[in-house]
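Asker: After the structure tokens below, expect a handful of questions from me.
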Amino acid sequence: QVQLVESGGDLVQAGGSLRLSCAASGRIYRINAMGWYRQAPGNQRELVATITTGGSTNYADSVKGRFTISRDNAKNTVYLQMNSLKPEDTAVYYCNANLLRIGVFGSYDYWGQGTQVTVSS
């Protein structure tokens, strides 16, 4: 079994900051890319940012310059530092990890349960 547990979501005023964390646990052999996605009411889930094992990053245009993704490979944890938050950043944020499980062939995507971020104007 593998679990991804997110934390850090909250209600914050526009212009404020939040830091999301996501820790992966279980019978994990190796984690490849990790990332954050978000889904606002009535919208499809969209990519926010991803990071490879080596630290290469990719961001949605809407968050470039405001959000920073990072990871601690020793802790199987990925972070999302969100600065200069806007009301349009309001969404449920989901953690994603592509990983190999011990004793299981192939790599698969796993998702966290989501954490709510609400930005008030």
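Asker: Just to check I understand the Karplus step: with θ = phi - 60° and J = 6.51 cos²θ - 1.76 cosθ + 1.60, what whole-Hz values come out for region 43-48, glycine and proline as x?
Answerer: Calculated HN-Hα couplings, in order: 10, 7, 5, 10, 6, 9 Hz.
Asker: Another question, then. Report the label-to-label distance for W111 and E88 in nanometres (one decimal), using points 7 Å from each Cα along the Cα→Cβ vector.
Answerer: It is 2.4 nm.
Asker: Sticking with this one: Provide the per-residue ³J(HN,Hα) series for region 82-88, in order, calculated from phi with Karplus coefficients 6.51, -1.76, 1.60 and θ = phi - 60°, each as a whole number of Hz, with x at glycine and proline positions.
Answerer: Per residue, the Karplus-derived 3J(HN,Hα) values read 10, 10, 6, 5, 10, x, 6 Hz.
Asker: Also: Under a 1.4 angstrom probe, counting protein chains only, how are L11, L18, L47 ranked by accessible area, largest first?
Answerer: The residues order as L11, L47, L18, largest area first.
Asker: Follow-up. From the backbone phi of region 54-67, what are the Karplus-calculated ³J(HN,Hα) couplings (6.51 cos²θ - 1.76 cosθ + 1.60, θ = phi - 60°) in whole Hz, Gly and Pro given as x?
Answerer: Result, ordered by residue: x, x, 6, 10, 9, 10, 5, 4, 5, 10, 4, x, 10, 10 Hz.
Asker: Using a probe radius of 1.4 Å on heavy atoms only, what accessible surface per residue do you get for the chain? Whole Å² is fine.
Answerer: Ligands and nucleic acids excluded, the figure is 53 Å² per residue.
Asker: Still on this structure: How far apart, in nm, are two points set 7 Å out from the Cα along the Cα-to-Cβ line at Q44 and at I102?
Answerer: In this crude spin-label approximation the distance works out to 3.8 nm.
Asker: In vacuum, with every alpha carbon of region 1-44 counted as one equal point scatterer, what does the Debye formula give for log10 I(q)/I(0) at q = 0.14 Å⁻¹? Two decimals, please.
Answerer: Debye output, listed in q order: -0.51.
Asker: What percentage of the solvent-accessible surface of the chain, computed with a 1.4 Å probe over protein heavy atoms, is contributed by carbon and sulfur atoms?
Answerer: Accessible surface attributable to carbon and sulfur in the chain totals 47 percent.
Asker: What number do you get for region 61-118 when its Cα radius of gyration is normalised by 2.2 N^0.38 Å, N = residues?
Answerer: 1.38
The values are calculated or read from the model by the stated rules, or taken from the named source; none is laboratory data. Only a predicted model underlies this, so the values are computations on that prediction, with no experimental measurement involved. FYI the Cβ positions are ideal-geometry reconstructions off the backbone, even for glycines, and counts take in every protein chain you see. For the accessible areas, the whole protein counts, side chains as well, though only heavy atoms, and no ligand, DNA or RNA atoms are used. Shrake-Rupley method; radii C 1.70, N 1.55, O 1.52, S 1.80 Å.
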